[in-house]
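Peer 1: The structure follows.
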Amino acid sequence: MKIKATIILALTLGIIFLISHIELSPVSARELQPNGASIGSASGKKIGNIAETPAQNIPPLKYSGSSSKPTAALRFACDPRSIGISQYEGGTVAYCKKKDLEVSDTDSALVEIKPGAARAPHWHDTWEQQILVSGKAKTYLIDDKGQVHGEVLTQGMVAFLPAGMTHWTETIGDQTAVLSLSFPAGFKTFELGDSLIQVRRNDKECAASSNASCNEKRKSLILIVKDGLI
């Protein structure tokens, strides 16, 4: 009996010894990793580092102004015809100026010149840029030596007119010429005559009427300019 009790006691102590060694805390994968070795990809290691880093307090986005007072819409487009159209015998002129477009440093105009009409000779204290939107036209320019130069404009062409030089534009053909003009904001215009003049009678209108003025000798635009300058 004593031998059997001794054996049972020995077995019990052995089991207790084994259990006490098995319940040791587990070793982490990082502690098992040999020197110089890596587990997973480099990006995985970075992710692990990021995960261990405490999150930083990111301040919310701040917006200028008060939400209770909505700001006015920014105007960056303008239809000159909605501002006001000046009607003339030979066509129309409409402007969009800096006060209508707060983001702009230029004034703009939309000019429509009827067939047989012309923009009267004039000049500005600033440069002018012309873009022919539709139709066909010819722009004339008098240089500082008094020589007259002309350029035929077709759709999409651009003309640049220096400050102080007299210039004018007339239509070519039977279609209305539409031009988009640009100037530095606050430009001034100095006219030699009305803003738009009728250069010649429309042939179709003359054919349908017996108006005596249709038989009058037509006066060229260049002669009108010379008359104005003299």
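Peer 1: Collect residues whose amide H, placed 1.01 Å from N in the peptide plane, falls under 5 Å from the amide H of Trp127; neighbours closer than 5 in sequence don't count.
Peer 2: Residues meeting the amide H criterion: Ala163.
Peer 1: Dipole size in debye (nearest 20) for region 68-136 around its Cα centre, Lys and Arg Cβ +1, Asp and Glu Cβ -1? Write down the numbers at each step before the final one.
Peer 2: On the way: 9 positive and 9 negative charges, 40 e Å.
Its charge dipole is roughly 200 debye.
Peer 1: Hey, another quick one. So for the pair Val133, Lys98, with labels modelled 7 Å out along Cα→Cβ, what separation do we get in nm?
Peer 2: For the pair Val133/Lys98, the computed spacing is 2.3 nm.
Here, each number is a calculation from the coordinates, and none is a lab measurement. This structure is a prediction, so every number in the text was calculated from the model and none was measured. Cβ atoms come from the backbone with ideal geometry, glycine included; neighbour counts cover every protein chain shown.
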